[in-house]
Amino acid sequence: MIRILEKEVADKIAAGEVVDRPLSIVKELVENSIDAGASAITVEIKKGGKAYIRVTDNGCGIEADQVETAFLRHATSKISQAKDLETIETLGFRGEALASIAAVSRTEIITKTANAPAGVRLAVEGSRPAEKEMTGCPNGTTVVVRDLFYNTPARQKFMKSDASESSLIIEFISQIALAYANVKIRLVNNGSLLFTTPGKGDRYQNILTVYSREIGDELIPVQGQQGNLSLEGYISGPGLSHATRKHQIFFINGRVVNSKILQKGISQAYSDKLFEGRFPAAYLFLQAAPQTLDVNIHPNKREVRFDNEAIVTEFVRQILRQALLSKESIPAVTEKD
Ligand code: ADP
Ligand code: MG
């Protein structure tokens, strides 16, 4: 007997791909806030995000009569046809996050558009809209996610300790704070404020706000442009290196990504400057024409693929090399870690 699964079951299965731990929820919610044009975002977590995640923004909000729709699978305001996939400029586009989150937690959304006289609050539990009411609230959106995986025990077991789950979230929000230096980002963990970025667009300042203890002020600015590629950011001189790539953070078209291509460009640029197994810090922001890369490789969107990888590696190598040579005379050697 072949049967089509009930919506609730199908949603739970699909949710597993998008939402595998508290970090993925925080990531999806923060990306929604950025897509909504927010200039201020507050992220609050408790117990590593397992018990409580709240993301508040001052973005465009959702119309009261659209709130339920936002929780349906493949419901998105960001693309409307297949060809839009070739030129994605928003962080979201799959229309899966809210549906997935709501399938595996107790979720609540409070939202108001600038034109609406009042806001609306909708509670959703295990994919089912539970309560809806009008409410007074500022313009923007707040999403609260409680009791993650309360209805999927297998997933619950897979989560690590509160401390490890929260450190993944803190790492991600730190990265996002660099990528979106013009957005004021506040991070609160178990009731204590970890940082607030000024939101004034100064990336260097944000690197210092977020990473000062590890990095200090040894960073060299990099900048370059070639064809449709442009690169900006900061790298450490050969005098400051780490035992891991933890301080190599990459953004491609505003997305925090893992990129072997950029890692390779860095390694080549430093090849005669650092010993094997030592890695410089690098905060690199690469922009490329959307049609030259594919961001739709994995539901978590942490991977991108370029049409021509060799060109990108070589471009990065050259720009970094120039920056390093211009700072040839850095004397002191400090090995961290
Ligand atoms: P996607 O981001 O891929 O479109 P989501 O499930 O994350 O899918 O969100 C569904 C829709 O809900 C979005 O397309 C957007 O219209 C709306 N939405 C979600 N979060 C916010 C937010 N913080 N502010 C405004 N609109 C939002
Ligand atoms: Mg989204």
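Each value in this text was obtained by applying a stated rule to the coordinates, not by laboratory testing. Being a predicted model, the structure only gives us computed values, none of them experimental. Methodologically, a virtual Cβ is constructed for each residue, glycine included, from the backbone with ideal geometry; neighbour enumeration extends over all protein chains shown.
In a GNM of the chain with a 10 Å cut-off on Cα contacts, which of SER33, SER174, SER267 has the highest mean-square fluctuation?
SER267
Would you look at the GNM of the chain, springs on alpha carbons closer than 10 Å, and say which of ASN151, ASN189, ASN115 moves the most?
Comparing ASN151, ASN189, ASN115 in a Gaussian network model of the chain, the most mobile one is ASN115.
Can you give the FRET efficiency to the nearest 0.05 for SER39 and GLN287, using r as the Cβ-Cβ distance and R₀ = 22 Å? Each step should come with its number before you reach the end.
Values: r = 21 Å, r/R0 = 0.95.
The value I calculate is 0.60.
Treat each spin label as a single point 7 Å out from the Cα along the C-beta direction, and report the ASP294 to SER326 distance in nm.
3.6
Longer than 18 Å from Cα to Cα, which of LYS50/LYS157; LYS27/LYS157; LYS46/LYS160; LYS50/LYS184; LYS47/LYS160; LYS160/LYS246 are they? Say none if no pair is. Numbers along the way, then the final one.
Values: LYS50/LYS157 11 Å; LYS27/LYS157 21 Å; LYS46/LYS160 14 Å; LYS50/LYS184 25 Å; LYS47/LYS160 11 Å; LYS160/LYS246 20 Å.
Long pairs (Cα-Cα over 18 Å): LYS27/LYS157; LYS50/LYS184; LYS160/LYS246.
For the chain, what is the convex hull volume of its Cα atoms per residue in Å³?
Given the Cα convex hull of the chain, per-residue volume reads 160 Å³.
Helix 162-179 versus the longest principal axis of the chain: what is the Cα-based angle in degrees, 0 to 90, to the nearest 10?
70
Starting from the Cα-Cα distance between THR69 and GLN156, subtract it from 0.36 nm times their residue separation and give me the gain in nm to one decimal. Write out the running numbers ahead of the final one.
Details: separation 87, 0.36 × 87 = 31.32 nm, distance 2.74 nm.
Length gained, THR69 through GLN156: 28.6 nm.
Using only the alpha-carbon atoms, how far is helix 260-269 inclined from the longest principal axis of the chain? Give it as 0 to 90 degrees, nearest 10.
The angle comes out at about 20 degrees.
Can you give me the distance in nm between label points at ASN139 and GLU17, each placed 7 Å from the Cα along the Cα-to-Cβ direction?
In this crude label model, ASN139 to GLU17 measures out at 3.6 nm.
Which trypsin sites (Lys or Arg not before Pro) in region 88-184 sit in a loop by DSSP (not H, G, I, E or B) and have at most 16 other Cβ atoms within 10 Å of their own Cβ?
On the way: sites: ARG94, ARG106, LYS112, ARG121, LYS132, ARG146, ARG155, LYS157, LYS160, LYS184; in loops: ARG94, LYS160.
Those that pass, being in a loop and sparsely packed, are LYS160.
What is the spin-label model distance, in nm, from SER192 to ALA116 if the labels are put 7 Å beyond Cα along the C-beta direction?
Here the answer is 3.7 nm between the modelled labels.
Please list 3J(HN,Hα) in residue order for region 135-152, calculated via the Karplus relation 6.51 cos²θ - 1.76 cosθ + 1.60 where θ = phi - 60°; whole Hz, with x for glycine and proline.
Here the 3J(HN,Hα) series is 8, x, 6, x, 4, x, 9, 10, 10, 10, 10, 10, 6, 4, 6, 4, 10, 9 Hz.
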